[in-house]
Amino acid sequence: MNLPAVAPDVVADAVAALPARLRSKLDQALEKQSTWAITTSDSGATVTIDDQVTVTLTTPLDTAERATCTCLLAPRCLHRAAVLSAAPVLGAQPHHATETGSDGPTVEVVAPAAPAATADEKAAATQTRDVVAQILEHGVAGAGAVTQADLLRAIHQARAIGLPRLATAATRVVELLRAARQSVPAFRLADLTEALRDVLTVAHLLVSGLGDQQAARGVNRRGYSPIGDLRLYGLCTEPLRTTTGHVGAISYLTDGESTIWSLAQARPGDGDTTRNTAQASVNLGDVTISHRELDRAGIIVVNAHASVDRRLSHGRTVQAVRTTGRTWHEEPADALWRQPIPEQAARWLNAFDAAPHERPAGHDLAFLDGVLAADQRGLLLRTTQLPGAVRVLAPHDDPALPYVANLRLLAAHATAMPVRMIGRFHGPRQVHGIAMAAPWLPDRFGGHVDLGVDQLQRADLPDAGTTEPYDNDQPQPPLHLLTHHLQRVVAAGRAALVPDVDRDARALTEAQLPTAASVLRELRRAGHRRDRDAFGRLNQQDSSALAVAWLIAAAYQHAAATAVAARSWQANGGR
């Protein structure tokens, strides 16, 4: 589906205008969106619902008049509201003019703000918090189009008064809720849990006045900024698949100062086309090159433009010349592997302090040298910097991508062989494998293998060596017990807080985690408390109490998991 983006207040107003009997049917109407016929043009899109009804969208969709329907009930009709509810959320408009490329992505600039939150800002944060509390009350199954419209109205209000971080975090929640309800393959419950924790944290900081209020407000968007000339060398490429229905590829490059830059390209598509996007051409100035070629080449960019998170623009103002690439064992790439692993892990963990869209490109990349090994659960990498092995996992298990097949081949036929790897930090002594280089790889791979793009064959690998058996498992605190209940609330609401909470709380206490047990018991108490007023109506404050208890537990879990991950990447094993 390729609908144009719609301003959040337009969606919210369309849903609010529906009569109660139609509002209750909105989710059922959205379930039929796969049957819609969509015709796009430069001016917008036409959606054919059936033989009698057509919805027309005219870009930019920032006012209600730009969405029309041919049925007799329009504009208070179910068809129009359903189409608007299915469309992606239109991003905030720039607050400051700046030079931009033709492709329109954005960077962030600091917006002026008062030292403490104003009454309007606190009201917007409270409105957002209350909607998120309702999401936790009923879970994903109960967070339909009407609840999403309430959150979109809160997003519009947050943007209007200058709270971009709150609006961005809430928009992420809407996107993930839609992905969950549509069973999008890229959706992960852990991502939605993290997004809800982020939006509740920002709302709490604004309402309470605690912490860095400027950081809680966030920054406003504007276009790419000029950064001068760059000489870059490709590192690796990985396929992209987003929860908004876009597929593409992202290439990472480095300059002479070991700084990582990224160049991404995405378009509407499905999982079957994800792998091929790395072979598609990307224009960088006058240079037309595929992502797979780019990560093995060198390139000189004149008048480069980039965002603050080091995403490169490929707009018309950019000029570029292709040059000869360099291998990972040559400068400047080789310097990335000379950085100690504990310092790399610290760079990854420190980035959590920033909003997700402000984290620099490559902040979570791990550059590892070692020898391949394997156990019953898969591929390992043994490195001299750490006392135990690093587990290498597949970023995606979709068979359309070669990650799983490549890692299985390496585990079966390349153990005891030296490799140089790029991974993405994933947790305690775990990485997602992205690319690898080795002297025994065939020349046809051009120096390295992109594990999500290139397909290894048995003939490409040496005979499996032997490694001494050892126990790679490190004792870890059972934080997964707390994580499990947090995610269950997100999925099913307060009804998920069943009696086994007490059992898991006792296990956390026995593991010397009394605080984890305490926050879990408080979450259960908040979930089971249902008061009624004199008229027998449920007390709305119960939802707020559940959200507060959930946030406390989620904040503790995040801090504890971060500490555990930090210790696991220390050279002494965290002892």
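Could you check how much of the accessible area of the stretch 414-464 is carbon and sulfur, as a whole percent, using a 1.4 Å probe?
49
Around Ala180, with a cut-off of 11 angstrom between Cβ atoms, what is the net charge of the other residues, counting Lys and Arg +1 and Asp and Glu -1? Before the final figure, lay out each step's value.
Working: positive: Arg178, Arg181, Arg188; negative: Glu175, Asp191.
Here the charged neighbours net out to +1.
Of the listed peptides 487-495, 7-15, what is their order by residue-averaged count of other C-beta atoms within 10 Å, with the highest listed first?
Values: 487-495: 19.7, 7-15: 23.4.
Sorting 487-495, 7-15 by mean packing, highest first, produces 7-15, 487-495.
Which peptide among 210-218, 408-416, 519-527 comes first, and what is the full order, when sorted by highest mean count of other Cβ atoms within 10 Å?
Ranking the peptides 210-218, 408-416, 519-527 by packing returns 519-527, 408-416, 210-218.
What's the carbon and sulfur percent of the stretch 252-350's accessible surface, probe 1.4 angstrom, rounded to a whole number?
Values: 1980 of 4410 Å².
Answer for the stretch 252-350: carbon and sulfur cover 45 percent of the accessible area.
Could you provide, to the nearest whole Å², the per residue accessible area of the stretch 278-425 with probe 1.4 Å? Could you put the intermediate results ahead of the total?
Values: 6020 Å² over 148 residues.
I get 41 Å² per residue for the stretch 278-425.
Compute, for the chain, the length of the dipole vector about the Cα centre, with Cβ point charges of +1 (Lys, Arg) and -1 (Asp, Glu) only. Units Debye, rounded to 20. Write down the numbers at each step before the final one.
Numbers: 56 positive and 59 negative charges, 236 e Å.
Roughly 1140 debye for the chain.
How long is the gain from Arg525 to Ala119 if the chain were fully straight, where each residue apart is worth 0.36 nm and the alpha carbon distance is subtracted?
Details: separation 406, 0.36 × 406 = 146.16 nm, distance 3.16 nm.
143.0 nm is the gain from fully extending Arg525 to Ala119.
Normalised radius of gyration for the chain, please: alpha carbon Rg relative to 2.2 N^0.38 Å, two decimal places.
Working: Rg = 25.1 Å, N = 575, 2.2 N^0.38 = 24.6 Å.
This ratio for the chain stands at 1.02.
Tell me, what is the per residue accessible area of the stretch 160-271 in Å², probe radius 1.4 Å?
On the way: 3970 Å² over 112 residues.
Heavy-atom SASA per residue in the stretch 160-271 reads 35 Å².
With +1 on each Lys and Arg Cβ and -1 on each Asp and Glu Cβ, how big is the dipole of the stretch 229-314 about its Cα centre, in debye rounded to the nearest 20?
Working: 8 positive and 10 negative charges, 28 e Å.
Rounded to the nearest 20 debye, it is 140 debye.
Take the alpha carbon gyration tensor of the stretch 231-272, find the square roots of its eigenvalues, order them as a ≥ b ≥ c, and report rounded if a/c is under 1.5; if not, report prolate when a/b exceeds b/c, else oblate. If you can, show how the numbers build up before the last one.
Values: a/c = 3.83, a/b = 3.25, b/c = 1.18.
The shape class here is prolate.
Local charge sum around Gln127 (other residues, Cβ-Cβ under 14 Å, Lys/Arg +1, Asp/Glu -1)? List each step's numbers first, then the result.
Working: positive: Lys122, Arg129, Arg153, Arg159; negative: Asp9, Asp120, Glu121, Asp130, Asp150.
Net local charge, Gln127 excluded: -1.
Identify, among Ile155, Ala297, Leu451, the residue whose Cα sits farthest towards the positive end of the charge dipole of the chain, taking +1 on the Cβ of Lys and Arg and -1 on the Cβ of Asp and Glu, with the dipole about the Cα centre.
Of the options given, the answer is Ile155.
Defining a contact as two alpha carbons under 8 Å apart and six or more residues distant in sequence, what relative contact order in percent does the chain show? Could the numbers behind the result be given before it?
On the way: 1121 pairs, mean separation 68.5, N = 575.
Relative contact order for the chain comes out at 12 percent.
Positive end of the dipole of the chain, charges at C-beta (+1 Lys, Arg; -1 Asp, Glu), about the Cα centre: which of Val55, Thr68, Thr126 has its Cα farthest in that direction?
Thr126
Of the peptides 71-80, 156-165, 344-353, 232-241, how do they stack up when ordered by the mean number of other Cβ atoms within 10 Å, highest first?
Numbers: 71-80: 17.8, 156-165: 21.8, 344-353: 16.3, 232-241: 25.1.
Output ranking for 71-80, 156-165, 344-353, 232-241: 232-241, 156-165, 71-80, 344-353.
The values are calculated or read from the model by the stated rules, or taken from the named source; none is laboratory data. Predicted model only: the values in this text are computed from it and were never measured. For neighbour counting, all protein chains shown are included, and Cβ atoms are generated from backbone atoms with ideal geometry for every residue, glycine included. Surface areas here come from the heavy atoms of the whole protein model, side chains and all, with no ligands, DNA or RNA. Shrake-Rupley method; radii C 1.70, N 1.55, O 1.52, S 1.80 Å.
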